[in-house]
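First comes the structure, then the notes that go with it.
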Amino acid sequence: MIQVTERARETFKNKLELIERPDVMLRLGRTDSGLGVFPDTLKDDDQIIEHNGRAVLLIDHEVSETLADTTIDVEERADGAHFVVRRYSDDNTTPPT
């Protein structure tokens, strides 16, 4: 299962507010250049990430399996916020919240 930090959920929600269609959410999916986040609609096998009761991120089954046991977070950089995926091992490393 993919974990998503509260900070990342809030960032996804803020980006989603710019899309004024209630049937559209953000998707973490494969693109020509790797993984990306883009607007899309719900599909049957999606993992749904919610924030304050609203779906903010969709992750298809294949990507969800590939990223199992990871945490999605946000890092602030000089050029703005970037989503990052971190894998945590079983050596008492705790993912951020």
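No lab work stands behind these numbers, since they all come straight from the coordinates. Bear in mind that the values here come from a model prediction, so they are computed numbers and not experimental data. Cβ atoms come from the backbone with ideal geometry, glycine included; neighbour counts cover every protein chain shown.
Working note: Karplus 6.51/-1.76/1.60 with θ = phi - 60° gives region 70-87 the couplings 10, 10, 8, 9, 10, 10, 8, 10, 4, 9, x, 7, 10, 7, 10, 10, 10, 9 Hz, where Gly and Pro are set to x. Note on the chain: antiparallel DSSP beta bridges, both residues inside, total approximately 80 percent of the bridges counted. Ordering Asp40, Asp69, Asp23 by the number of other Cβ atoms within 10 Å of each residue's own Cβ, fewest first, gives Asp23, Asp69, Asp40. By the count of other C-beta atoms within 10 Å, a proxy for reagent exposure, Ser64, Ser33 are ordered fewest to most as Ser33, Ser64.
Residues in region 55-70, backbone N under 11 Å from the label point at Asp40 (7 Å along the Cα-to-beta-carbon vector): list them, ranges by number please. Within reach of a label on Asp40, which here means backbone N under 11 Å from a point 7 Å along Cα→Cβ, region 55-70 contributes 58-64. Angle between the Cα long axis of helix 6-16 and the longest principal axis of the chain, 0 to 90 degrees, nearest 10? Orientation of helix 6-16: about 20 degrees from the principal axis.
Listed from fewest to most Cβ neighbours within 10 Å, the set Leu18, Leu57 follows the order Leu18, Leu57.
Near Val56, the amide H atoms lying under 5 Å from its own belong to Ile49, Glu50, His51; only residues 5 or more places off or on other chains count, and H is placed 1.01 Å from N.
Placing R0 at 30 angstrom, the Cβ-Cβ distance between Ala68 and Lys15 gives a FRET efficiency of 0.80 after rounding to 0.05.
Mean residue ellipticity at 222 nm from the helices of the chain, using -39,500 (n - 2.57) per DSSP H segment of n ≥ 4 over the full residue count, to the nearest 500 deg cm²/dmol?
Calculated at 222 nm, the ellipticity per residue is -5000 deg cm²/dmol.
Among the listed options (i) 6.5; (ii) 6.0; (iii) 7.0, the one matching mean projected area of the Cα convex hull in nm² as calculated from these coordinates is (iii). With contacts taken as Cα pairs under 8 Å at a separation of at least 6 residues, the chain carries a relative contact order of 31 percent.
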